[in-house]
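To start, the structure under review is shown below, and the notes come after it.
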Amino acid sequence: MTAQIINGKEIAEKVREGLKSDVQELRENGIVPGLAVILVGDNQASQTYVRNKQKACEELGMHSILIKRSAELTEEELMKDIQDLNLDDSIHGILVQLPLPGHINEKKIIEAISPEKDVDGFHPINIGRMMTGQDAFLPCTPYGVMVMLEHIGYELEGRHVVIVGRSNIVGKPAGQLFLNANATVTYCHSKTNDLIYHTKQADVIVAAVGKRNTITSDHVKDGAVVIDVGMNRDEDGRLCGDVAFEEVSQKASYITPVPKGVGPMTITMLLQNTVKAARKSKELQLKA
Ligand code: NDP
């Protein structure tokens, strides 16, 4: 079998087309969806991510602001920035670019963001809402994975999904979203004995590890769907995922490439969450 490619770039573009008209409609009703990004320090990768997020906002006609702070910023000063944004009616989504410098407690910072503006979906309130099946801002990367599968019309009910990786931002929430979609979920991680035993049983494998070639053709049963969240560099400095793409493509039914796979979906879901936050703020205004 040769796998069909799930083209995240194309799917992201389609979703963004839809968002463009949502933004237009909100603007006609007096609301310009606004995203604020706080960037602390001068991490190169973070600067690129932030630039891409801002560019994406502008392309959709959204308002976006960037607050750049030095790596010496204190936790109290960062908290003050967040409190100001929590109260700013022109801002519907707040994102603090991670990682933060070591002297700042990330958990405390995430919890300071209003859950109604937590468009990253990292606040414990949103995680709790997601776990209990309530309306929530979903973490962008796992959310993007679900939209990709929906896009190819893949029916998850009753399927066995094996998630490799259990981070709070990707692996764990991905498993929860699959469970919410009535799949049967297995989590694997660095302490899992016999990874191949588990992944071989999967109808869907989600690799979110951060190590090249974690998933090879030996890990995959014929016809499985393979989603590669990983973002790594090969020996030539090229972007690659966690999956040995060439050999796994020979066995899988569908596969996401890296680049042009999950990556473009992540920013798109951030925009989607910001538009949703803006729409909710409008509903609250109407109720008041
Ligand atoms: P983390 O480092 O936080 O988590 C990695 C997970 O992989 C951990 O749960 C770890 O287990 C597990 N793991 C490590 N080694 C193995 C192994 N040999 N076998 C099985 N499991 C293993 O990473 P993130 O979740 O933040 O990110 C994962 C990857 O996804 C990275 O490459 C990252 O760059 C990428 N990423 C991509 C995004 C996108 O938009 N495409 C967005 C976010 C992340 P344990 O818990 O036991 O340590």
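If you check ALA252, ALA244, ALA174 for being small (Gly, Ala, Ser) and more than 29 Å from SER46 (Cβ to Cβ), only one passes: ALA252. On the stretch given as region 246-288, residues that are part of a loop (DSSP other than H, G, I, E, B) and more than 10 Å from the ligand (Cβ to nearest atom) total 7. Of the residues VAL37, VAL50, the single one that is outside any helix (DSSP H, G or I) and under 17 Å from the mean Cα position of the chain (by Cα) is VAL37. Entry remark, region 214-232: residues being assigned to a loop (DSSP other than H, G, I, E, B) and either among the acidic types (Asp, Glu) or near the ligand (Cβ under 10 Å from one of its atoms) (or both) number 5 in total. Looking across region 138-166, just one residue is among the aromatic types (Phe, Trp, Tyr) and within 16 Å of the ligand (Cβ to nearest atom), and that is TYR143. Being within 14 Å of the ligand (Cβ to nearest atom) and either basic (Lys, Arg) or more than 22 Å from CYS140 (Cβ to Cβ) (or both): is that true of ASP203 here? Here the answer is no, as ASP203 does not meet what is asked. Flag: SER70 does not match the condition of being in contact with a His (Cβ under 7 Å, 6 or more places away or on another chain) and loosely packed, with under 15 Cβ neighbours inside 10 Å.
Throughout, read-outs are computed from the coordinates displayed, never taken from laboratory work. What you see is a predicted model; the values in this text were computed from it and never measured. Neighbour counts are summed over all protein chains in view; Cβ atoms, including those assigned to glycine, are modelled from backbone coordinates with ideal geometry.
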